[in-house]
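One structure is given here, and the rest of the page talks about it.
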Amino acid sequence: ATTVKKNINIGVDVFTDMWTNLPADMTVRRVNPSANVFATYNFLVGNKKKGNVIFSLGLGIGTHVLSSKTNYISNVKADTIKFIPVPTGQSMKKSKLTITSLDVPAELTFKLKHGFHFGIGFKISLVVRSKESYTGTLASYGDGIVRQVKYKDLYQLNGTGYTPSIR
């Protein structure tokens, strides 16, 4: 008899996001460290003796990061998020957007000869938290003091997302 414990996988993914459609004048870090933690339950598909196809379904939590030293979100309360260059008279150390999501991963894994596995899948994500932090001077104060300003729950972000995967 197969035990439940044998059918559960727990994993950690460490990755960098590839952000698209950013402003041409925006410079982002080459590596935006992001990660997720997940658990999946494996269901054997087809013949139990051969056991060469497995469907996995799970739950996880992930973070995605976008860091810049040249642009920041000009108005987090506006209808649309716009990354603008740092204005003259203002110096910025960094601007960072962090998105935390609840993830539902699904994958089909094919067991190949000699112990190799090949998996193809996707995950659906639901944004549960977002924040933007800015570190630098603010022209509106005009005093040259470096401040860290944080804004939580940016409502302009898409509430859901999806990500294909190949392993």
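The values are calculated or read from the model by the stated rules, or taken from the named source; none is laboratory data. All values reported here derive from a predicted model rather than from experimental measurement. Glycine also receives a Cβ, built like all others from the backbone with ideal geometry; neighbour counts cover every protein chain displayed. What goes into the accessible areas is simple: the full protein's heavy atoms, side chains included, and nothing from ligands, DNA or RNA. Shrake-Rupley method; radii C 1.70, N 1.55, O 1.52, S 1.80 Å.
Here are some conditions: (1) open to solvent by 90 Å² or more (accessible area, probe 1.4 Å); (2) aliphatic (A, V, I, L, M); (3) more than 18 Å from the chain's Cα centre (by Cα). L108 meets all but one. Which one does it not meet?
All conditions are met except number (1).
Go through the residues of segment 64-83 one by one and say whether even a single one is assigned to a strand (DSSP E or B), open to solvent by 50 Å² or more (accessible area, probe 1.4 Å), among the hydrophobic types (A, V, I, L, M, F, W, C) and within 27 Å of V127 (Cβ to Cβ).
no
Among the residues of segment 18-57, count how many are modelled with pLDDT under 90, surrounded by 13 or more Cβ atoms within 10 Å (Cβ to Cβ) and closer than 23 Å to L108 by Cα.
Residues in segment 18-57 being modelled with pLDDT under 90, surrounded by 13 or more Cβ atoms within 10 Å (Cβ to Cβ) and closer than 23 Å to L108 by Cα: 3 in total.
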